[in-house]
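Data block below; observations after.
The values are calculated or read from the model by the stated rules, or taken from the named source; none is laboratory data. In this text, all values refer to a predicted model and were calculated from it rather than measured experimentally. With ideal geometry, Cβ positions are generated from the backbone for all residues, glycine too; neighbour counts draw on all protein chains shown. What goes into the accessible areas is simple: the full protein's heavy atoms, side chains included, and nothing from ligands, DNA or RNA. Shrake-Rupley method; radii C 1.70, N 1.55, O 1.52, S 1.80 Å.
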Amino acid sequence: MNGPDRFEACDGAGGDGHGEGDGQEPGRPPRIPTPRTSVEDSGLPLPVLEESGDAPAPPLRPVFEHPVLKALLGAWALAACSAEEATAVEEHLGECGACADEARRLREAVGLLQRPDSLDLDPGLRTRVLGACLERRPPRIPVPDWAAAYDAETARLDALLQDFGDAEWHAPVRLRWFRADEATSRRTTVAGVIAHLLSVDGLVAVALGLDDPLGDVTSRRPTPAARTEAYWSASHFPPTRAVRAPWREQSHGIVRTASFTGSGVGGLPVPYGDFELPLHDAMLDRAFECWVHAEDIADAVDYPYDPPSPRHLHRMIDLAARMLPDVLAHRRRNGLAAPAHHRHLVTAGEPGRSLRLEIEGSGGGEWLIPLDSPAAKGSADHEVAHVALDGVEFCRLAAGHVPPQEAAAGQMGDKDAIRDVLFAAASLSRM
């Protein structure tokens, strides 16, 4: 075979580059070059590199082990990590499913601990600013104290509405109230709620001699619900953002007229169809409903909305507490209250069986509610039951937004009396 001869010829070519078996002519370089010697192995100094204008290499990032990254998840959820730590944690979450699940749970927990901040100003700020201004320069025609809550709540609602687009004005809203101890609701839109406020505020406007917003439209009954249904039915199309201007103009007119007529007009009767209220109470009633429906609107557009200032909230609660004895009597006449054998009738103005209503939180206080007759006087000596509620919770109960059996109330004493008062509070609600 000729294999070994070829190997020997190639081996010889490796010696001087001119072997006979390399297939090359004499004096020409071999077909296969010889290995080169590395400069590091030669003992000679290494060549000096030319300096370049490139930026120095960035420093190495710290390497975090898994236990360290897991320990950082809580700080990361609270946004308390350094930039390097946050970057390392976020890269790790893309690789470790267990840590990603834990990070998600921690972020959700942080969301529960931090309620969303409202962009609105503190409800009491307007009152404080006006108070400071009026101390420096008293008004020539002051707003009556009993109209201040209505003035403040309509201004707050108007501030909420001013940046609404068409989508927000047509957002669905469900009005809720209690009727015959049953939860009732009516579906409408944000614009429909403002139309409702315009229609019912019109009762106060007419009592003050202003124009009726219903104009030539006739309602079946002069009640808030009937007036609202008549206004809605008279519209050829569903209410739009155009309803804001007449509502705000009317609310300004009510406050302005009440101010010009003076404090003596506060006793002017305002008929609600089934009952009537003096003007100073009707203005509180309208302020209360404005706040409640502003919350309905804010919920519909997912926007936070604060309760009224403590001073105004206290007056709203006081109105509801003063109305409870008449509501209890009405419910008793309709067979909705406790049996008659519990009653203890007394002469008008004399102390009788009472329930102590304790309202906690800002705007709270205590009220003794006579149980057997609106003409009786609440008495601590004749107290048979005690109920404690948070102020905002009580207002939502009175607005029909909280079922009486679910009201977060501390209770002690006569169970029937407690039930009667809680259901009477819910019966204050209406559309």
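Just a few scattered comments:
- Here GLN405 fulfils each of the conditions (1) under 30 Å from SER199 (Cβ atoms); (2) assigned to a helix (DSSP H, G or I); (3) among the polar types (S, T, N, Q) apart from (1).
- Scanning region 133-159 for residues that are among the aliphatic types (A, V, I, L, M) and modelled with pLDDT of 70 or more yields ILE141, VAL143, ALA147, ALA148, ALA149, ALA152, ALA155, LEU157, ALA159.
- Yes/no for SER373 being open to solvent by less than 60 Å² (accessible area, probe 1.4 Å) and more than 30 Å from ASP201 (Cβ to Cβ): yes
- Filtering region 379-391 for residues that are open to solvent by 60 Å² or more (accessible area, probe 1.4 Å), over 23 Å from THR223 (Cβ atoms) and not in a strand (DSSP E or B) leaves an empty set.
- Listed by first and then second residue, the pairs with beta-carbon distance under 8 Å, at least 6 apart or on different chains, first residue in region 401-414 and more than 13 Å from VAL387 (Cα to Cα), second among the small types (Gly, Ala, Ser), are HIS401/SER429; VAL402/ALA426; PRO403/ALA183; PRO403/ALA426.
- Residue list for region 58-113, filter: surrounded by 11 or more Cβ atoms within 10 Å (Cβ to Cβ), over 34 Å from the mean Cα position of the chain (by Cα) and modelled with pLDDT under 85: PHE64, GLU84
- Evaluating PHE260 against the criteria (1) in contact (Cβ under 8 Å) with a residue 60 or more places away in the chain; (2) open to solvent by 40 Å² or more (accessible area, probe 1.4 Å); (3) in a helix (DSSP H, G or I); (4) under 25 Å from ALA399 (Cα atoms) leaves one unmet condition, (4).
- When residues of region 263-285 are limited to those that are touching a Leu at 6+ places or on another chain (Cβ under 8 Å) and assigned to a helix (DSSP H, G or I), the one most open to solvent (accessible area, probe 1.4 Å): GLY267
- Filtered residue count, region 200-209, keeping only those that are open to solvent by 60 Å² or more (accessible area, probe 1.4 Å) and of a type in the set (A, V, I, L, M): 1
- Residue match in region 184-194 (condition: open to solvent by 60 Å² or more (accessible area, probe 1.4 Å) and assigned to a loop (DSSP other than H, G, I, E, B)): no
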